[in-house]
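Okay, so here's the structure we're looking at.
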C-alpha cells in the first residue's frame with residue numbers, strides 16, 4: 001500500500017479548508033432549519049396551553065439567518081403565525097430570502113470550488 005494513497009489514514013484525517021467549509025455550512029443550514037421548525041412547533045404548543053411563549057424576535061432571527069425553509073414548513077404545518085401580518089412580513093422579507101439563497105449558493109460554490117478554479 002502506498003503512503004501517498006488518497007484513502008490513507010493521514011490523508012483522510014486531515015481535511016483542507018476547501019473540504020471543511022462546505023461541511024460546516026451544510027451543518028449550519030440544516031441545524032438552523034431544524035431548530036426553526038422545532039421552535040415554531042413548540043411555540044404553537046405553548047400558545048395552545050397558555051404557557052410562556054417563545055419571543056417573536058427569536059423566531060424571526062432563526063428564520064432570517066438560515067432557517068427560511070424550516071420556518072416556512074413549520075408555519076404551514078403547524079398553522080402558526082399565519083394570520084399575524086407583521087410576522088409574515090418580516091419572516092418572508094426579501095432580506096431573509098436573499099440571505100438564505102446566499103447561504104445555499106455559498107454551499108454550492110464551496111462544494112464545487114475545484115471545478116471553478118480552472119475558469120479564472
Worksheet, complete the sentence: With the label point 7 Å along the Cα-to-beta-carbon line of residue 30 and a cut-off under 18 Å to each amide N, the hits in the range 96-115 are 103-112
Worksheet item: Using 0.36 nm per residue, how much length does the chain from residue 58 to residue 42 gain when fully extended, once their Cα-Cα distance is taken away?
Response: 4.5 nm
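Computed from the coordinates by the stated procedures, all read-outs in this text should not be read as laboratory data. On a predicted model such as this, the values are computed, not experimentally measured, just so you know. Please note: Cβ atoms are built from the backbone with ideal geometry, for glycine as well, and neighbour counts cover all protein chains shown.
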